[in-house]
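Colleague: Below you'll find the structure I mean.
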Amino acid sequence: MVFANIEYLFLLLLLIPYIIWYILKKSKNEPTLQVSDTHMYAYAPRSYKIYLLHVPFVLRIIALIMLILVLARPQTTDNWQNTEIEGIDIILAMDVSTSMLAEDLKPNRLEAAKQVAAEFINGRPNDNIGLTIFAGESFTQCPLTVDHAVLLNLFNGIKCDVAQCGLIEDGTAIGLGIANAVTRLRDSKAKSKVIILLTDGSNNRGDISPLTAAEIAKSFGIRVYTIGVGTNGTAPYPVPTYAGTQYVNMPVEIDESTLTQIAGISDGNYFRATSNSKLEEVYGEIDKLEKTKLNVKEYSKREEEYQVFAWIAFFCVLSEVLLRNSILKSIP
């Protein structure tokens, strides 16, 4: 613990003359009743109030000490620390096109992917992980970070309505998704750099072909793991109508050939997830990736710790007032 205003602690020195003054004052008190002989009171029982006479003064001293400590602003200490941990740099590239609303995975493809990926993130606390999303366009949702609380907060905010509401163009630009992720990893100093790309369709948007993007990733030493998510055949897709949500069986069209080539070019692997459990198995396999050492600077900011001292001062003052006006109340 440190004090932001440590100079206020010098006020504690003022308590010394105050204590001396109190002792001298009590020693010079004149008796209120004078008798010629006190022998008859030698064996008289003493009231418990005698032992409480100096308690109000002690409480006042404690209250003053606590108030001075409050003025000095006690705080938790800064914690800057360089640590060496095991980890890799990972970018999650996730498809958020409207087709991800299909409900062959529960509750739908996107939510299932988010749930499993969140567990994957929580299981790798030492990794630098970032997030890019893509539909007909691509952008970075979160750059590489070891602050996974912030990452998960942004991750949980992903919705398919960015494409459904026209915020970005709908479609599936796999090449742009990979290229955007590469820009986040190309300057990384990590020995192992990985992109985990999840999609449920085939490339139909963007100016960069998926295979060209895979070649670029390979040139920067980045491995791409591709995941095709969706059942075989058809999948129920919700369509809003004036009568409520209606479901239409849409064909599942995953370009497995291209996704396999992307993984092959960049020395990654292709996985197919046809159910929630299969998707969990896929992330479990990817979780077995090699690790490399990273240097991380940790920081915890200072927190004010005056509250405890303020409460002690309050209760001391309250106790003194109650004692002086009840048990130790005196008649002038």
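The values are calculated or read from the model by the stated rules, or taken from the named source; none is laboratory data. A quick note: this is a predicted structure, and the numbers were derived from the prediction, not measured. All Cβ positions, glycine included, derive from the backbone under ideal geometry; neighbour counts span all protein chains shown.
Colleague: Return the pair list, or none, for Cβ contacts closer than 8 Å from residues in the stretch 101-118 that are over 12 Å from VAL229 (Cβ atoms) and assigned by TED's automatic domain parsing to the domain that holds VAL162 to residues that are aliphatic (A, V, I, L, M) and in a helix (DSSP H, G or I), at least 6 apart or on different chains.
Modeller: LEU101/LEU110; LYS106/ALA112; ALA118/LEU152
Colleague: What tally of residues in the stretch 50-69 results from selecting those that are outside any helix (DSSP H, G or I) and either without any contact (Cβ under 8 Å) to a residue 60 or more places away in the chain or on the phi > 0 side of the Ramachandran plot (or both)? I'd like the intermediate steps shown before the answer.
Modeller: Taking the stretch 50-69 and keeping what is outside any helix (DSSP H, G or I), we get 53-54.
Right, trim to either without any contact (Cβ under 8 Å) to a residue 60 or more places away in the chain or on the phi > 0 side of the Ramachandran plot (or both) and you get 54.
Count: 1.
Here is a yes/no grid of residues against (1) farther than 16 Å from ILE88 by Cβ; (2) under 14 Å from the mean Cα position of the chain (by Cα); (3) free of Cβ contacts under 8 Å to residues at least 24 places away in the same chain; (4) surrounded by fewer than 22 Cβ atoms within 10 Å (Cβ to Cβ):
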{"residue": "GLY123", "(1), (2), (3), (4)": "no, no, no, yes"}
{"residue": "GLU137", "(1), (2), (3), (4)": "yes, no, no, yes"}
{"residue": "GLN141", "(1), (2), (3), (4)": "yes, no, yes, yes"}
{"residue": "THR145", "(1), (2), (3), (4)": "no, yes, yes, yes"}
{"residue": "VAL150", "(1), (2), (3), (4)": "yes, yes, yes, yes"}
{"residue": "ASN153", "(1), (2), (3), (4)": "yes, yes, yes, yes"}
{"residue": "GLY157", "(1), (2), (3), (4)": "yes, no, yes, yes"}
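Colleague: Restricting the stretch 247-274 to residues that are among the polar types (S, T, N, Q) and exposed (fewer than 15 other Cβ atoms within 10 Å of the Cβ), which is modelled with the lowest pLDDT?
Modeller: Here the answer is ASN249.
Colleague: Next up: Would you check which residues across the stretch 1-27 are in a helix (DSSP H, G or I) and either closer than 13 Å to VAL58 by Cα or of a type in the set (Val, Ile, Thr) (or both) and list them?
Modeller: ILE6, LEU15, ILE16, TYR18, ILE19, ILE20, TYR22, ILE23
Colleague: Continuing with this model, one more query. Out of (1) surrounded by fewer than 20 Cβ atoms within 10 Å (Cβ to Cβ); (2) in a helix (DSSP H, G or I); (3) in contact (Cβ under 8 Å) with a residue 40 or more places away in the chain, the odd one out for ALA213 is which?
Modeller: Here ALA213 meets the rest and fails (1).
Colleague: For the stretch 164-199, enumerate the residues that are part of a helix (DSSP H, G or I), more than 29 Å from the chain's Cα centre (by Cα) and of a type in the set (A, V, I, L, M, F, W, C).
Modeller: ILE174, LEU176
Colleague: Kindly provide the set of residues from the stretch 302-323 that are touching a helix residue (DSSP H, G or I) at 6+ places or on another chain (Cβ under 7 Å), of a type outside the set (D, E, K, R) and part of a helix (DSSP H, G or I), ordered by number.
Modeller: PHE309, ALA310, ILE312, ALA313, CYS316, VAL317, SER319, LEU323
Colleague: Give the number of residues within the stretch 216-246 that are surrounded by 15 or more Cβ atoms within 10 Å (Cβ to Cβ), out of contact with any strand residue (DSSP E or B) (no Cβ under 8 Å at 6 or more places or on another chain) and polar (S, T, N, Q).
Modeller: 1
Colleague: On to the next question. Within the stretch 217-267, work out how many residues are under 16 Å from ALA181 (Cα atoms) and part of a strand (DSSP E or B).
Modeller: Of the residues in the stretch 217-267, 6 are under 16 Å from ALA181 (Cα atoms) and part of a strand (DSSP E or B).
Colleague: If you don't mind, another one. Kindly evaluate ALA179 against the criterion of being at pLDDT 90 or above, in the same structural domain as LEU92 (by TED's automatic domain parsing) and under 25 Å from PRO238 (Cα atoms).
Modeller: no
Colleague: Residues GLU169, GLU215: which one is touching a helix residue (DSSP H, G or I) at 6+ places or on another chain (Cβ under 8 Å) and farther than 24 Å from GLU111 by Cβ?
Modeller: Details: GLU169 fails: farther than 24 Å from GLU111 by Cβ.
Just one listed residue meets the conditions, GLU215.
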